[in-house]
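**Q** Could you have a look at this structure, given as structure tokens, before my questions?
The values are calculated or read from the model by the stated rules, or taken from the named source; none is laboratory data. Quantities reported herein were computed from a predicted structural model and do not represent experimental measurements. When we count neighbours, we look across all protein chains shown, and the Cβ atoms used for this are built from the backbone with ideal geometry, even at glycine. When the accessible area is computed, the model is the full protein with side chains, heavy atoms only, and any ligands, DNA or RNA have been set aside. Shrake-Rupley method; radii C 1.70, N 1.55, O 1.52, S 1.80 Å.
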Amino acid sequence: MEVIIRPDAESATHLAARVIAREIRLKPKLVLGLATGRTMERLYRHLVETHRKDDLDFSLLTTFNLDEYIGLPPDHPQSYRHYMNHHLFDHVNIDIRNTNLPDGMADDIDAECVHYEQLIRDCGGIDLQVLGIGRSGHIGFNEPLSAMFSRTRAKALTPTTIEQNAPLFADPREMPKRAITMGVGTILDSKHCLMLVTGAEKASVIAKAVEGPVTSMISATALQLHPDCRVIVDEAAASQLENKEYYRWIFENEPEWQEFQ
Ligand code: GLP
């Protein structure tokens with residue numbers, strides 16, 4: 001795992017967007033794993049801007065989102081399909097047929113989960129998975145006690161997650177209590193992982209995720225097992241990391257990061 005600390009949310013997000021843009025340019029047919037949440041809104045703004053100003057080409061990309069609420073139709077303003085269209089897909093030259101999210105309205109949710117895993121395999125696996133972290137320590141909607149080898153499945157959401165996301169709904173009681181999510185094992189199968197975490201309210205959970213023991217109580221700790229995972233944080237989110245100086249030293253001295261300094 002590599003931890004990169006940037007001064008503020010804007011520069012952390014800018015760096016994450018540059019890393020993603022570089023991967024897309026290196027491999028135009030990239031299979032890109034995507035996340036949702038408030039943190040990612042800023043990231044998608046940067047990617048849309050890179051598309052507009054620097055011609056970043058999304059036309060050959062395939063995307064897979066981490067998760068979707070069960071019971072929300074795609075046009076519901078809080079569905080993750082709606083979120084993705086609104087924040088990214090409607091503003092770049094992606095072929096919408098190559099954008100994938102689990103179908104939270106499927107009659108047979110278990111079959112939909114198996115199908116989603118198969119779609120990922122059929123595309124040759126995810127090249128780069130973008131991740132945020134929830135206050136419960138989840139990646140995707142892998143709530144505490146998610147098995148390290150879990151695959152795409154339905155998960156009940158914890159009260160912490162419901163409290164975090166319910167205010168985004170016009171009527172907070174409308175928030176579904178279950179979601180389909182890629183499993184921790186599905187995420188660990190991605191070739192590269194890139195986690196973006198900003199804001200003081202994430203400081204405690206990201207310190208546990210990066211420096212704490214690996215535990216299924218905090219599914220993000222599983223990323224410590226991934227051979228190629230980068231975590232980009234701002235100073236506010238980094239405030240409880242014990243080894244900040246070491247991470248800064250690596251970033252300043254690692255040749256690969258020179259182009260991003
Ligand atoms: C949701 C998503 C997660 C995301 C989290 C972070 O719960 N399922 O994939 O990491 O939101 O949200 P925010 O960026 O709003 O803190």
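**Q** Quick test of your reading of the structure: Ala12 fulfils all but one of (1) in contact (Cβ under 8 Å) with a residue 12 or more places away in the chain; (2) open to solvent by less than 50 Å² (accessible area, probe 1.4 Å); (3) in contact with a His (Cβ under 8 Å, 6 or more places away or on another chain). Name the failing condition by number.
**A** (3)
**Q** Considering only residues that are surrounded by 21 or more Cβ atoms within 10 Å (Cβ to Cβ), among the aliphatic types (A, V, I, L, M) and not in a helix (DSSP H, G or I), look in segment 18-55 and name the one that is farthest from the ligand (Cβ to nearest atom).
**A** Per the criteria, the residue is Val31.
**Q** To continue, here is another question. Would you be able to say whether some residue in segment 209-232 is in contact (Cβ under 8 Å) with a residue 24 or more places away in the chain and over 27 Å from Glu143 (Cβ atoms)?
**A** No, that holds for no residue.
**Q** Could you figure out which of (1) open to solvent by 10 Å² or more (accessible area, probe 1.4 Å); (2) touching a residue at least 60 places away in the same chain (Cβ under 8 Å) isn't true of Lys177?
**A** It is condition (2) that Lys177 fails.
**Q** Out of all the residues in segment 128-149, which are in a loop (DSSP other than H, G, I, E, B) and within 11 Å of the ligand (Cβ to nearest atom)?
**A** Gly132, Ile133, Gly134, Arg135, Ser136, Gly137, His138, Ile139, Gly140, Phe141, Asn142, Glu143
**Q** Restricting the search to segment 1-17, which residues are away from the ligand (no atom under 16 Å from the Cβ), in a helix (DSSP H, G or I) and hydrophobic (A, V, I, L, M, F, W, C)?
**A** Within segment 1-17, Leu15 is the sole residue that qualifies.
**Q** So is Met84 touching a helix residue (DSSP H, G or I) at 6+ places or on another chain (Cβ under 9 Å) and free of Cβ contacts under 8 Å to residues at least 60 places away in the same chain or not?
**A** So Met84 passes the test.
**Q** Looking for something open to solvent by 10 Å² or more (accessible area, probe 1.4 Å), within 16 Å of the ligand (Cβ to nearest atom), in contact (Cβ under 8 Å) with a residue 60 or more places away in the chain and over 23 Å from Lys191 (Cβ atoms) - is there at least one such residue anywhere in segment 104-118?
**A** no
**Q** For the list (1) under 26 Å from Ala17 (Cβ atoms); (2) within 13 Å of the ligand (Cβ to nearest atom), I need the number of the one condition that Ile180 fails.
**A** (1)
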